[in-house]
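See below for the structure under consideration.
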Amino acid sequence: MYDSDGLTSLSLTIGLVVLVLWGAVWMVRRARPGAMLWNAGDCAVVRSLALGPRERLLVVRVGTKQLVVGVGSAAVSLLCELDEPLPQGPAADQKFGEAIRKAVGRWRVG
C-alpha cells in the first residue's frame, strides 16, 4: 500500500528539518545579547546590561557618539555621553564598568 522507499525518504527529510531547526534554536540561545552589535544604519546597540527583570542599561552608538541609556518598563532616559568609545572584544567586559562609572560620575551631584 505504501512505498517504503518514499516513506524512508520522507522520514529522513523531516528528521533533517527538525535537526536544522533545533540547531538554529541552540545557536540563538547560546548567543550573548550583550556581546552582539545590532546594527541599524547610523544607530546601533553596542552593549547591553540587564539591571532587573524589565530594566536595562544600554550603550547606543548614534553616528560618532556613544550614549548611555537607561531603559525601564515605562521610560527611556539618556544618562550620559561617553567621552571615548567602548572597546570591542574580550577586554570589553572589564572596560565597560569602568567607562560607565567614569561617565556617570561626572553627572553626580554632591
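The values are calculated or read from the model by the stated rules, or taken from the named source; none is laboratory data. It should be emphasised that the depicted structure is a prediction, and the values quoted were computed from it without experimental measurement. We place every Cβ from the backbone using ideal geometry, glycine too, and count neighbours over all the protein chains shown.
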Filter pass, R106 being at pLDDT below 85 and within 15 Å of the chain's Cα centre (by Cα): no
Matching residues, the range 53-87, being at pLDDT below 85 and more than 18 Å from K102 (Cα to Cα): G63, T64
Pick from the range 50-67, criterion surrounded by 14 or more Cβ atoms within 10 Å (Cβ to Cβ) and in contact with a Gly (Cβ under 9 Å, 6 or more places away or on another chain), ranking: nearest to D83 (Cα to Cα): L58
Flag if G34 is at pLDDT below 80 and surrounded by 10 or more Cβ atoms within 10 Å (Cβ to Cβ): yes
